[in-house]
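Okay, structure first, notes after.
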């Protein structure tokens, strides 16, 4: 089973996770820029974070045979903090870099006017940079937030096939499928989706334009949930080809629209900027 996790926050995970992921079949990941848990206080802190997504983390992933890409954006939660608004001025520089395969995560947290403004501005940047966009739907009032997200996407002029609407569930999948966007599902130990619910959705809606991710971060999450979904699909009667479509072909097709996806076998460098993950010796 080959796996491409299209949404995972490896900066908050350990090298043990990378080892287990490789053993489970993970060969590529996309890490979206997101909220770190503690508020950032200036655009400079974002610049350092974006640099790590483009430098240190791909180096670290390569040590375990995994290709690392990222998406770059001002995330919805911090869009409400006026101290962070200057990040929008940084984005064109970062969106031009190799390894950036989409604008994201953009979208909604609390559906505020500030989030409306930043969401629309970043979709415009996606069009300017000729990149797809990853949209974060809110954890609260998800159906309303998803409908509102689709409206903003429609108004932006960004083609629906270049948009991934993520963190979907049974209440939101139909509207996203009808809109022609890609459908993303985050599978968690206790919240969001689980393996059995994911299989039920795949039986009803099919495998086309469906991406399954672990969205593993600093909270209770599991970077092997993609593998577990694949196993549940096989147990439910899906073919190995179906599993490959969901866990590999679909993320490759979506992020491949960036023209920057590099899935060659990871070639680990000895050092990054004079640093190494190795200790001792």
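Quick look at the numbers
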{"item": "Average projected area [Cα convex hull, the chain], square nanometres", "result": "14.1 nm²"}
{"item": "Kirkwood-type radius of segment 1-92, with distances r between different C-alpha atoms, in Å", "result": "13.9 Å"}
{"item": "Kirkwood estimate for segment 130-281, i.e. one over the average of 1/r between Cα atoms, Å", "result": "16.9 Å"}
{"item": "Average Cα contact separation per residue, the chain, under 8 Å, 6 or more apart, as relative contact order %", "result": "22 percent"}
{"item": "Estimated inter-spin distance, residue 41 and residue 276, nm [label 7 Å along Cα→Cβ]", "result": "3.6 nm"}
{"item": "Scattering profile of segment 73-131 at q = 0.17, 0.19 Å⁻¹ [log10 I(q)/I(0), Debye over alpha-carbon scatterers]", "result": "-0.49, -0.61"}
{"item": "Most mobile listed residue (152, 246, 187) in the chain, GNM with C-alpha springs under 10 Å", "result": "152"}
{"item": "Taking the convex hull of Cα positions in segment 192-281, its mean projected area over all directions (nm²)", "result": "9.0 nm²"}
{"item": "Choice from 121, 133, 28 with maximal GNM fluctuation in the chain (Cα, 10 Å cutoff)", "result": "121"}
{"item": "Cα-based Rg of segment 93-164 normalised by 2.2 N^0.38 Å, two decimals", "result": "1.05"}
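Quick note: the coordinates plus some simple rules give every number you see, no bench work behind them. These figures come from a predicted structure and were not determined experimentally. Counting neighbours? That spans all protein chains shown, and the Cβs are built from the backbone with ideal geometry, glycine included.
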